[in-house]
Ligand code: PEP
């Protein structure tokens, strides 16, 4: 299986989100084999988009969640609230949250625990900055991010949990690592997860790539068996780009079936 997750960021209002959700679902219609899709609109659009994706098999993700259960946390949205409005997934530790809003690995861990407690499937983002890459610290950074994010986490393994490798320098820049470099990091992520969860089944985790994915490069990533799918930002709100990404996933799935 391949999964395509669209992170719509803070780009669309409710009406636009509903329209894009409809068009995104149409891309899957009539396909004999199709990727699993998850769309992540802004929080205010979740309940309306839920009506569009209901019974479609498409997941509905939030872009952030509070690490707190409830209380005096102005502006925050709890995992229970997200679940109530129909979210099935939640992005945690996106680099924009880490770098613009000061989220820490410990905060990511607390959010993971809350998400799982309220039956939301986490999509945990990890990845190095340009400086960390230049210094040769990619593996060290990923190890620390994953080790902390999953600390004391006890997944039920009934759902696949997502880890997205998103190098910070590749997000929204048009730059990407080479396919070989991504495969190497994904293999390492799987090794770490294997050590953290030695009894987890093969299907317990899906490792996705994210960072400047578009219609042109999607196929080269998706054809790799180590890349279980893509977390797509900018291109996921451009329907012609998303169509090319979905078509690339279908082509890969047909070739691999
Ligand atoms: C993202 O926001 O997760 C992302 C990968 O963005 P982009 O595809 O625009 O680089």
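Given the condition farther than 22 Å from residue 205 by Cβ and buried (at least 16 other Cβ atoms within 10 Å of the Cβ), answer yes or no: does some residue in the range 67-76 qualify?
No - not one qualifying residue is present in the range 67-76.
Which number in (1) closer than 18 Å to residue 122 by Cβ; (2) free of Cβ contacts under 8 Å to residues at least 60 places away in the same chain marks the one condition that residue 49 misses?
(1)
Looking only at residues in the range 140-162 that are part of a helix (DSSP H, G or I) and free of Cβ contacts under 8 Å to residues at least 40 places away in the same chain, which one is farthest from residue 122 (Cα to Cα)?
So the residue we want is 140.
Inside the range 163-196, can you point out the residues that are within 12 Å of the ligand (Cβ to nearest atom), in contact (Cβ under 8 Å) with a residue 60 or more places away in the chain and surrounded by 17 or more Cβ atoms within 10 Å (Cβ to Cβ)?
164, 166, 168, 171
Can you pull out every residue in the range 199-213 that is free of Cβ contacts under 8 Å to residues at least 40 places away in the same chain and more than 10 Å from the ligand (Cβ to nearest atom)?
If the condition is that a residue be free of Cβ contacts under 8 Å to residues at least 40 places away in the same chain and more than 10 Å from the ligand (Cβ to nearest atom), then 199, 202 are the ones that fit.
Identify all residues within the range 247-257 that are out of contact with any helix residue (DSSP H, G or I) (no Cβ under 7 Å at 6 or more places or on another chain) and either within 15 Å of the ligand (Cβ to nearest atom) or more than 21 Å from residue 25 (Cβ to Cβ) (or both); write none if there are none.
255, 256, 257
Please count how many residues of the range 89-105 are closer than 23 Å to residue 159 by Cα and in a helix (DSSP H, G or I).
1
Can you tell me which residues in the range 214-257 are closer than 18 Å to residue 41 by Cα, free of Cβ contacts under 8 Å to residues at least 60 places away in the same chain and in a loop (DSSP other than H, G, I, E, B)?
Scanning the range 214-257 gives a single hit, 238.
Given the conditions (1) closer than 21 Å to residue 36 by Cβ; (2) within 16 Å of the ligand (Cβ to nearest atom); (3) surrounded by fewer than 24 Cβ atoms within 10 Å (Cβ to Cβ), report the number of the one that residue 99 does not fulfil.
Condition not satisfied by residue 99: (1).
What tally of residues in the range 214-233 results from selecting those that are within 14 Å of the ligand (Cβ to nearest atom) and out of contact with any strand residue (DSSP E or B) (no Cβ under 9 Å at 6 or more places or on another chain)?
Here the count works out to 3.
Just for the range 176-213: of the residues that are touching a strand residue (DSSP E or B) at 6+ places or on another chain (Cβ under 7 Å) and outside any helix (DSSP H, G or I), which one is farthest from residue 156 (Cα to Cα)?
Taking the candidates together, the pick is 213.
For residue 116, state whether it is surrounded by 20 or more Cβ atoms within 10 Å (Cβ to Cβ) and under 30 Å from residue 34 (Cβ atoms).
So residue 116 fails the test.
Quick note: the coordinates plus some simple rules give every number you see, no bench work behind them. Since this is a predicted model, take the numbers as computed values, not measurements. Here the Cβ is made from the backbone with ideal geometry for all residues, glycine too, and neighbour counts use every protein chain on show.
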